[in-house]
Each structure stands twice: as C-alpha cells, then as structure tokens.
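For reference, the structure discussed in these notes is given below.
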Amino acid sequence: MKDVIFLFLVFIGISAKAQVKDTAESKYSKDWSDIGVGNASTNFFKTKPNDANFVLNYNRAIDKMCFQLGINGNILTTTPYLSTINLDIGDRLFSRYYLLSGFIGPAYMWGDKTESGNRFSTIGINATIQIIGKPLKDFGIGYEFYSNWNSIQSDVGIRIVLSISSGK
C-alpha cells in the first residue's frame with residue numbers, strides 16, 4: 001500500500017510541474033479554493049449527525065485533470081473527534097455560472113474511535129462531489145457531498161461551501 005501511495009504522489013508531482021499550453025480553456029480559472037461547514041455522520045445518518053464540521057480545499061486544474069488538496073475536521077468536538085487530509089484527482093464541468101466537480105483519492109484520517117474513544121490514525125479513500133453556483137465570476141456558493149472510507153472509522157457528510165477562484 002505504501003508503494004502505491006508513493007507512486008501516486010510522484011505522479012501528482014510530475015503532473016504539477018508539466019507545462020500547460022495557453023488554450024481557449026485557459027481564460028477560465030485554473031485554481032479555486034473552498035471553505036465550508038456542514039454535518040457529518042459516522043453511521044451514514046442512521047442516527048443524528050455527530051457534529052458540525054469544516055473543510056478547506058485547494059483545487060487546481062492541469063490540462064484536463066483536476067487535483068484537490070483538502071483538510072476537514074470537527075468544529076464542536078463531540079465524540080468521535082475526526083480529522084482528515086486528502087489528496088484527490090478528478091474532473092470538473094464548468095461555465096461562467098456553475099461549477100460541478102468530483103474527486104477521489106487517498107486520505108489520512110486520525111481521531112477518536114466512536115465505540116471506545118481510543119485514538120487512531122489510518123489511510124483510507126476520500127470522495128467529494130461539489131455543486132457550486134457562481135453568481136459572480138470568481139465567487140460561488142454551493143454544496144459539497146463527501147465520504148471517507150477506511151478500515152477503522154468511516155464518515156459521510158454534506159457541507160455548504162463558499163468558492164473563490166483565481167480570475168485572470
């Protein structure tokens with residue numbers, strides 16, 4: 001598993017250094033950041049949500065591929081306390097008025113296990129879907145659906161996000 005993660009990170013590094021030709025698509029923003037808050041659940045919302053949570057994402061489009069570096073965690077520290085760092089790859093559909101994107105990739109999660117309260121850290125898979133309306137060219141508001149699957153403590157949730165892109 002460590003070899004796969006290492007190769008994935010090397011691939012990301014090489015892709016990030018690649019030169020991008022100036023095309024018609026380059027008039028659109030290649031970078032965007034998101035900040036958001038929402039609810040999370042460790043049992044797929046079978047009971048009430050566990051806690052309010054936050055997200056900070058940096059997204060970058062290189063040619064036809066998009067990459068996301070994100071961190072999220074609890075705001076109101078109830079059991080379990082969970083935090084995640086993810087590095088994802090994905091795609092986007094966009095125009096002046098909307099942004100739809102989807103990402104999947106490895107994630108590192110740490111926190112307290114629900115049943116026992118014991119501390120843990122593990123590697124898992126993160127998936128994110130963003131649906132953002134853009135009332136202004138470089139500013140948007142929308143929803144982010146996310147999940148993190150791992151062998152110890154998975155979670156899912158929905159957040160309201162504000163998105164700011166790098167206008168040219």
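The values are calculated or read from the model by the stated rules, or taken from the named source; none is laboratory data. Owing to the predicted nature of the structure, the values given are computational and were not obtained by experimental measurement. All Cβ positions, glycine included, derive from the backbone under ideal geometry; neighbour counts span all protein chains shown.
Out of the residues in the range 128-168 meeting the condition of being in contact with a Pro (Cβ under 8 Å, 6 or more places away or on another chain) and assigned to a strand (DSSP E or B), tell me which one is nearest to ASN53 (Cα to Cα). Lay out the reasoning, then the answer.
Kept after step one, since they are in contact with a Pro (Cβ under 8 Å, 6 or more places away or on another chain), are these residues of the range 128-168: 141, 153, 157.
Narrowing the set further to residues that are assigned to a strand (DSSP E or B) leaves 141, 157.
Values: ILE141: 17, GLY157: 9 Å.
Taking the candidates together, the pick is GLY157.
So that you can scan it fast, the table gives a plain yes or no per residue for (1) of a type outside the set (Phe, Trp, Tyr); (2) out of contact with any Pro (no Cβ under 8 Å at 6 or more places or on another chain); (3) at pLDDT below 90:
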{"position": "ALA18", "(1), (2), (3)": "yes, yes, yes"}
{"position": "LYS30", "(1), (2), (3)": "yes, yes, yes"}
{"position": "GLY36", "(1), (2), (3)": "yes, yes, no"}
{"position": "TYR58", "(1), (2), (3)": "no, yes, no"}
{"position": "LYS64", "(1), (2), (3)": "yes, yes, yes"}
{"position": "ILE75", "(1), (2), (3)": "yes, yes, yes"}
{"position": "PHE103", "(1), (2), (3)": "no, yes, no"}
| query | Counting just the residues of the range 77-91 that are surrounded by fewer than 19 Cβ atoms within 10 Å (Cβ to Cβ) and modelled with pLDDT of 90 or more, which one comes out nearest to PHE120 (Cα to Cα)? | reply | ILE85
| Tell me, which residue of the range 52-65 that is buried (at least 18 other Cβ atoms within 10 Å of the Cβ) and out of contact with any Phe, Trp or Tyr (no Cβ under 7 Å at 6 or more places or on another chain) is farthest from GLN153 (Cα to Cα)? | ALA61
